[in-house]
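Working notes for the structure below.
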Amino acid sequence: MELSSRLLIKNLNGGEENIPIEVVNVSKTGIGFICENELEANTVYEAYLTIWMKENIHAFLEIVRIEKLDEKRYSYGAIFIGMSEMDSMRIEVFDTMGKMENQESGGGKE
């Protein structure tokens, strides 16, 4: 299932930048994504996730893993910080729907 998302990076001088991210996986505790911007480990970023049925979730992510994929892209692992129980449940439903879709398409079979 496709998940569109963006990170909001705020500068101390008041400026901010929205950057698109490619979500690789998501669970109720965290998210894996790819983007072209170099982010810092152990830093919290604001995120806007658009999930199943076009529901929007406002979340804060702490970067816990960084891997440089090539000259332009980085793979990140992040945990959700202070997410409400309601949003956590919405993500869990989204994750379950994705697993069911994967099984129906034969992705879970060997």
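Any residue in segment 43-50 that is open to solvent by 80 Å² or more (accessible area, probe 1.4 Å), under 30 Å from E104 (Cβ atoms) and either at pLDDT below 90 or of a type in the set (V, I, T) (or both)? Scanning segment 43-50, I find no residue that is open to solvent by 80 Å² or more (accessible area, probe 1.4 Å), under 30 Å from E104 (Cβ atoms) and either at pLDDT below 90 or of a type in the set (V, I, T) (or both), so the answer is no. Would you point out the residue of segment 21-35, among those that are open to solvent by less than 30 Å² (accessible area, probe 1.4 Å) and more than 8 Å from the chain's Cα centre (by Cα), that is nearest to K72 (Cα to Cα)? Top of the filtered list is C35. Pairs are defined by a Cβ separation below 7 Å, a sequence spacing of at least 6 or placement on different chains, a first member in segment 61-82 that is part of a strand (DSSP E or B), and a second member that is of a type in the set (D, E); the pairs so defined are I63/E40; Y74/E38; Y74/E67; S75/E67; A78/E62; I79/E62; I81/E62.
The values are calculated or read from the model by the stated rules, or taken from the named source; none is laboratory data. The structure presented is a predicted model; accordingly, all values stated were derived computationally and were not measured. Counting neighbours? That spans all protein chains shown, and the Cβs are built from the backbone with ideal geometry, glycine included. For the accessible areas, the whole protein counts, side chains as well, though only heavy atoms, and no ligand, DNA or RNA atoms are used. Shrake-Rupley method; radii C 1.70, N 1.55, O 1.52, S 1.80 Å.
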